[in-house]
Amino acid sequence: MNSTWYVTFEVRQRGLLLKQRSPRETKTFATEAEAKLFARAKLDEGLAVFAGTINPRLPRRVIPASCIADWLAEGQDGTGSPGTPDDD
């Protein structure tokens, strides 16, 4: 399986930590649809989520946490936007 999408999400902290940190975990997916399903589940849990394509996939996409809801809505009504390509 060739993974082309990733979803990164915060991991809930357990116990007491001496230093504040924001641990994250990343999962990879073969399709955007699979990535969206997983991202929606994590977002529904109240976790911070961001996603994107894995290099060297073109066009590259990075979906910051502030745009996840819009990305999840893309294509649901048949009028989804093309996304946010990386302008390197």
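Scanning region 1-59 for residues that are of a type in the set (D, E, K, R), out of contact with any strand residue (DSSP E or B) (no Cβ under 9 Å at 6 or more places or on another chain) and modelled with pLDDT of 85 or more yields one hit, Asp44.
Can you spot a residue in region 76-88 that is of a type outside the set (S, T, N, Q), modelled with pLDDT of 80 or more, on the phi < 0 side of the Ramachandran plot and surrounded by 12 or more Cβ atoms within 10 Å (Cβ to Cβ)? Step through it out loud before you land on a result.
Here is the first cut: in region 76-88, the ones of a type outside the set (S, T, N, Q) are 77-78, 80, 82-83, 85-88.
Next, from what is left, pick out any that are modelled with pLDDT of 80 or more: none.
So far as region 76-88 goes, no, none of its residues is of a type outside the set (S, T, N, Q), modelled with pLDDT of 80 or more, on the phi < 0 side of the Ramachandran plot and surrounded by 12 or more Cβ atoms within 10 Å (Cβ to Cβ).
The values are calculated or read from the model by the stated rules, or taken from the named source; none is laboratory data. Here the structure is a predicted model, which means the values were calculated and not measured. So basically every Cβ, Gly included, is an ideal-geometry build from the backbone, and we count neighbours across all protein chains shown.
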